[in-house]
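In what follows, a structure is listed as structure tokens, so that the remarks can point back to it.
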Amino acid sequence: SNYPGLRLEICTARWQDGSEKRLLDMVERRGMWPSSQQRYCTSDLKRGPIGVVIRGLAKELGVDLVINCSGERHAESDDRAKLVELEIDERLSVNKRFQRTVYRWRPILTLTEADVRQVVADAGQKLHPAYDAGMSRLSCCFCIMAKKADLLTAARLQPELARRYGALERKVEHTM
């Protein structure tokens, strides 16, 4: 690792029986895709599992202050343009028996894509290959919030997965 002594925690969404929760299974069970108004994919597959890890680590390490760092940028969408760089995560912060304050920190929020590329290069790192393949943001391969150009790029990069999405759209009679 480039950062000895630091742990890497992998967040995995799980059903109550312990099996891995996946988007296509969720769509099949619900009979519909998530939407901008019903983003159950974000709550179930991202925020929820991240919260489990944060709560578990805070308890394990006995810490009362957590900083959850994420890589949203204003330029990525109208909704992201409204985000602030630092805020208290009310959902994960508690003021009861175990005091815990969790901050959401978005350190690259105001950076342009060119700025991000430069920061990564200056650190001697490489961007995720999805960017070089033409994706404008790193999210789920076929995100419901994606721009059409990103969906087309994703379909070119992952044609078998695109076919699976299409087949599921036909099966549940609901389009992504």
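As a fraction of the 1.4 Å probe accessible area of the chain, surface on carbon and sulfur atoms comes out at 53 percent.
If you place +1 on the Cβ of every Lys and Arg and -1 on the Cβ of every Asp and Glu, how big does the dipole about the Cα centre of region 89-172 come out, in debye to the nearest 20? Intermediate results must be reported in sequence, preceding the final value.
Numbers: 16 positive and 9 negative charges, 103 e Å.
Using only the charged Cβ atoms, the result is roughly 500 debye.
Looking at the chain, the accessible area is 69 square angstrom per residue; that uses a 1.4 Å probe and ignores ligands, DNA and RNA.
Rounded to the nearest 10 square angstrom, residue 156 shows an accessible area of 150 square angstrom against a 1.4 Å probe. Isolated cysteines in the chain, defined as those with no second cysteine Cβ under 4.7 Å, comprise 11, 41, 69, 141.
Placing pseudo-labels 7 Å out from each Cα toward the beta carbon at residue 131 and residue 24 gives an inter-label distance of 2.9 nm.
Ellipticity at 222 nm from helices only: DSSP H runs of n ≥ 4 in the chain, each -39500 (n - 2.57), divided by the residue count, give -10000 deg cm²/dmol. Using the alpha-carbon positions of region 67-151, Rg (one decimal) and Dmax (whole number) come out as 15.5, 48 Å.
Please compare each pair in 82/148; 46/82; 21/171 to a cut-off of 24 Å on the Cα-Cα distance and tell me which ones are over it. Let's see the in-between values first.
On the way: 82/148 22 Å; 46/82 20 Å; 21/171 19 Å.
Beyond 24 Å: nothing from the list.
Among 157, 127, 86, the largest mean-square fluctuation in a Gaussian network model of the chain (Cα springs under 10 Å) belongs to 127.
The values are calculated or read from the model by the stated rules, or taken from the named source; none is laboratory data. This is a predicted model, so every value here is computed, not measured. As a convention, Cβ positions derive from the backbone with ideal geometry for all residues, glycine included, and neighbour counts pool all protein chains shown. These area figures cover heavy atoms from the full protein model, side chains too; ligands, DNA and RNA do not enter into them. Shrake-Rupley method; radii C 1.70, N 1.55, O 1.52, S 1.80 Å.
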